[in-house]
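The structure appears below as structure tokens.
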Amino acid sequence: MTASLSLAHRSPAPVGVPAGVSASGALPSLIGLTREAMAAALVAAGVPERQVRMRVAQLWHWIYVRGVSDFASMSNVSKDLRADLERKFTLARPEIVAEQVSADGTRKWLMRFPARGAGRPVEVETVYIPEEGRGTLCISSQVGCTLTCSFCHTGTQKLVRNLTAEEIVAQLLVARDRLGDYPEVRGAAPLAAPEGAMVPGEGRLVSNIVMMGMGEPLYNFDNVKQALLIAADGDGLSLSKRRITLSTSGVVPMIPRAGEEIGVMLAISLHAVRDDLRDELVPLNRKHPIKDLLDACRAYPGLSNARRITFEYVMLKGVNDAPADALELVRLLKGIPAKINLIPFNPWPGSPYECSDWDAIERFAEIVNHAGYASPIRTPRGRDILAACGQLKSESERMRIKDRRALEAGAAAAASADEGASDGGAPDRGAAPSQADLAMRAMVSGLGD
Ligand code: SF4
């Protein structure tokens, strides 16, 4: 789920791609596998059954606690096994195509993932938002989106494909690599933050994650679930589920499963209090209207005042920002432990909306506050690198069926002619990415408190 973005400033030049972060995609990765799947992969690779449990624990520690990206560093694994693992698997990260650092410390990475099957490489953005006492990473779940929320730039990009669990977890690993967020590794030092930038003074640099980048996470449930359970695993990345937030535009039938099977914090992309308006802003509402959505929220497991649902509400001038809307919002949310994030809309080229006047936003916030709900007005972060609230849109494009079949046929022919042939090709993005078309929502402050 994404919102909107200001294009007010040009981005600074991206920094170069650091050595050793490019993934070839030729070998299967051990990143993003469940413990069971990792055990099965090791058995298939010839690791004796009696050793498998111990080996999985070792690898899990090296990959997620120590953050290594090669098997050679795994000093408690025998030399022969390390060499064997190196031949059969990879821990390579996706390629970092661009890295930008905002004056306020927000960082944005454009990552390229290798081709899957007959597809082409795809690119997604991941944004890191440092604040006093916390650092939040905004992660994508899909390349593009099938939904067409009218205020959202991502909604204008067709779905290319779901990200795999490996690709979702890799966004977190890359961010921790680049931030030096492996406290157990001697010598791991964070990259210098810009002067005056807020960074967490102590503890982990990535303390919170939000599934709020490109795509609808509940349309990629299995991969998102697997990735988030790995992020929350106490012997690895070990992020508290209270510091992980999944944001949905309202895929009602999947909300109970998200609560029961993943158990992370929930955010709802609400934006309207009447079905006729929400049908227009979030067309999924036609299938799952507000009442059904809020009923699912009420039943979300584990809700309490300390564990509230976040409702996101983008402020659109003359559309959803009247005092009557605020009053109706309060009425609708009655009985749901909730907080409301008010998001000033940042127009994008061709967007049909304007941002509400500041007075209207304050009046709205006052009404909601008065009813006892926290309703922070989110100040966009990272505007100078176009990482402020909003519409991530990479230039990855869906392949036409005809092109996909042609590529599949070509790949099959190449594979039989040369076993080592890769089915790669140009990244799935068309022309060089225009930063004006690459934006990530960063309206995440305060989530997962
Ligand atoms: S569901 Fe898709 S179109 Fe709607 S806000 Fe999220 S990314 Fe944008």
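What follows draws every value from the coordinates through simple rules; no lab data is involved. Values in this document were obtained by computation on a predicted structure and should not be read as measured data. Quick reminder, even Gly has a Cβ in these numbers, built from the backbone with ideal geometry, and neighbours come from all protein chains shown.
Can you tell me what percent of all Cα-Cα pairs in segment 95-385 are more than 28 Å apart? Walk me through the numbers on the way to the answer.
Working: 15930 of 42195 pairs.
Beyond 28 Å sits 38 percent of the P(r) for segment 95-385.
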Filter on LYS291/LYS339; LYS287/LYS334; LYS241/LYS339 - keep pairs with C-alpha separation over 21 Å:
LYS287/LYS334
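Mind ranking 72-82, 366-376 by how tightly packed they are, going by the mean number of other C-beta atoms within 10 angstrom, highest first?
Sorting 72-82, 366-376 by mean packing, highest first, produces 366-376, 72-82.
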So which lysines pass the test for LYS88, namely a Cα distance under 27 Å, with those fewer than 8 places away in the same chain ruled out?
LYS79, LYS225
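How would you classify segment 24-88 from its alpha-carbon gyration tensor, with a ≥ b ≥ c the square roots of the eigenvalues: rounded for a/c under 1.5, else prolate if a/b is greater than b/c, otherwise oblate?
Cα axes put segment 24-88 in the rounded bin.
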Rounded, prolate or oblate for segment 122-172? Axes are the square roots of the Cα gyration tensor eigenvalues, ordered a ≥ b ≥ c, and the cut-off for rounded is a/c under 1.5.
oblate
13 Å beta-carbon shell around ALA92, net charge (K/R +1, D/E -1)
-4
